[in-house]
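What follows is one structure encoded as structure tokens, with my remarks underneath.
The values are calculated or read from the model by the stated rules, or taken from the named source; none is laboratory data. Everything numeric in this text was worked out from a predicted model, so none of it was measured. Positions of Cβ are backbone-derived with ideal geometry, glycine not excepted, and every protein chain shown enters the neighbour counts.
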Ligand SMILES: Cc1cc2nc3c(=O)[nH]c(=O)nc-3n(C[C@H](O)[C@H](O)[C@H](O)COP(=O)(O)OP(=O)(O)OC[C@H]3O[C@@H](n4cnc5c(N)ncnc54)[C@H](O)[C@@H]3O)c2cc1C
């Protein structure tokens, strides 16, 4: 097989002729489960070295999770954050893309089975299926809250957000029943981004669109068990995010957790009830289901344990990368679930597979830390750059966030499209993707069985539930 060199070699991986399985000249066959940052990073490295790659994803696109909140609030269109996988590998005939749902993985034989009845066997299997929402057993969360982990999730949430404004416009009495109350559960980067984006939507966009609805009464409530939003950031970032969100009208309900999500309200653990029809779940992650055997070693949060070279312990043909794996830096530091960690881990796993095939020793994963950042809203972000966490806030951090995330996008076309969308939004505040195109997610049965009755008034925050 002829190797392709159009994009040059990734860092640390010299381009060479195709290497052999266990040192022969035959190219290794690799099955990759998941076409996210980790799977695509791995496939790119392998493709450059002439490996025979089969990448399996239940979607025919690579999705860009950091911008899902922009899809949900119509700042970006769906196709701004989704790139067709076949397009990414169109110049690599040695990379096959299969749209299928993986339901079984045998790490010992590197065999993958799919719900559609297909079986794929390689010399190696790379498990990169990412994560999904973890509702931590909160009753009703699965049924009534809107998670934000996939493009489909973002589209469903967008439909619901714009529907509640329409319903309140048609029946203003619904505002008292929570039509314009948005509750975000979880004050990590996803929850903060979502709360800030909702506040911006209310302040800058909806007022111009609804001429006889008082959108100023809309509430955005951010609920978190901790004492501050963005817990892993520094104290000054905590002060900044608290100040910006408060100035933008976001109500912070800290040291509170969701006890139950019902169709028409959120019940907090102190009994407070918040009437709402739009609850965003940003409360936690668990590994995606992809039919992994029960006897695999697991780390924190059920993530797959990995060796320093990203192989699964005791499974020389299986590799774990991205959010679904517990990954450590070369010095043993546990790494967060970030796009840059997933991308670099995928690349390292790909390079190590090439080394194994060439009969060379593998190398431990070495993370090039670009820092952590979170968008808070229009012209406001926090960034702690590099390994030494040089801290910036405000417009500069906002620009850094845009730059870093544009660079993470998978293609030049995606970057251009997205920058156009951002520019358009910044100057016109006109959000063209603000369409309700998912009737099921949008639909609310205001007068059905879940509707609040007047003889059972929901409690406001701070009221004593026992006194009611
Ligand atoms: C809302 C949100 C905002 C974020 N913001 C940032 C940010 O600002 N900066 C940052 O660095 N990181 C951010 N992250 C984290 C980052 O997106 C993840 O760390 C990264 O996407 C992980 O990459 P991955 O390849 O492991 O998984 P994913 O990108 O989730 O890819 C997994 C792939 O596997 C596929 N898949 C899953 N199960 C199956 C199956 N059974 N069969 C077939 N296919 C399957 C999925 O369809 C998906 O394409 C954010 C995450 C979220 C959810």
- Only one residue in 27, 43, 51, 72 is more than 8 Å from the ligand (Cβ to nearest atom), at pLDDT 50 or above and touching a helix residue (DSSP H, G or I) at 6+ places or on another chain (Cβ under 6 Å). Which one? 72
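So that you can scan it fast, the table gives a plain yes or no per residue for (1) touching a residue at least 24 places away in the same chain (Cβ under 8 Å); (2) within 16 Å of the ligand (Cβ to nearest atom); (3) over 20 Å from residue 36 (Cβ atoms):
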site	(1), (2), (3)
274	yes, no, yes
279	yes, yes, yes
288	yes, yes, no
297	no, no, yes
329	yes, yes, yes
336	yes, yes, no
- Query: Would you call residue 133 within 23 Å of the chain's Cα centre (by Cα), within 15 Å of the ligand (Cβ to nearest atom) and in contact (Cβ under 8 Å) with a residue 60 or more places away in the chain?
  - Reply: yes
- Query: Based on what the data block shows, is residue 309 at negative phi, in the same structural domain as residue 165 (by TED's automatic domain parsing), more than 16 Å from the ligand (Cβ to nearest atom) and buried (at least 17 other Cβ atoms within 10 Å of the Cβ)?
  - Reply: no
- Query: For region 265-285, what are the residues that are at negative phi, surrounded by fewer than 23 Cβ atoms within 10 Å (Cβ to Cβ) and part of a loop (DSSP other than H, G, I, E, B)?
  - Reply: 269, 270, 272
- Message: Yes or no: region 314-326 includes at least one residue that is assigned to a loop (DSSP other than H, G, I, E, B) and within 16 Å of the ligand (Cβ to nearest atom).
- Response: yes
- Message: Name the single residue that is nearest to the chain's Cα centre (by Cα) among those in region 174-213 being in a loop (DSSP other than H, G, I, E, B) and touching a residue at least 40 places away in the same chain (Cβ under 8 Å).
- Response: 188
- Message: So, in region 390-408, how many residues would count as being farther than 19 Å from residue 239 by Cβ and away from the ligand (no atom under 13 Å from the Cβ)?
- Response: 1
- Item | region 286-306, subset out of contact with any helix residue (DSSP H, G or I) (no Cβ under 7 Å at 6 or more places or on another chain) and buried (at least 19 other Cβ atoms within 10 Å of the Cβ), residue nearest to residue 131 (Cα to Cα) | 290
- The number of residues in region 75-103 that are surrounded by fewer than 21 Cβ atoms within 10 Å (Cβ to Cβ) and within 8 Å of the ligand (Cβ to nearest atom) is 3
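So, residue 154, is that one crowded, with 21+ Cβ neighbours inside 10 Å, within 16 Å of the ligand (Cβ to nearest atom) and outside any strand (DSSP E or B) or not? Reasoning before the result, please.
On the way: crowded, with 21+ Cβ neighbours inside 10 Å: yes; within 16 Å of the ligand (Cβ to nearest atom): yes; outside any strand (DSSP E or B): yes.
Yes, satisfied.
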- Sole exception among (1) within 13 Å of the ligand (Cβ to nearest atom); (2) in contact (Cβ under 8 Å) with a residue 24 or more places away in the chain; (3) within 19 Å of the chain's Cα centre (by Cα) for residue 377, by number: (1)
- Filtered residues of region 217-237 (kept if in a helix (DSSP H, G or I) and either within 16 Å of the ligand (Cβ to nearest atom) or modelled with pLDDT under 95 (or both)): 235, 236, 237
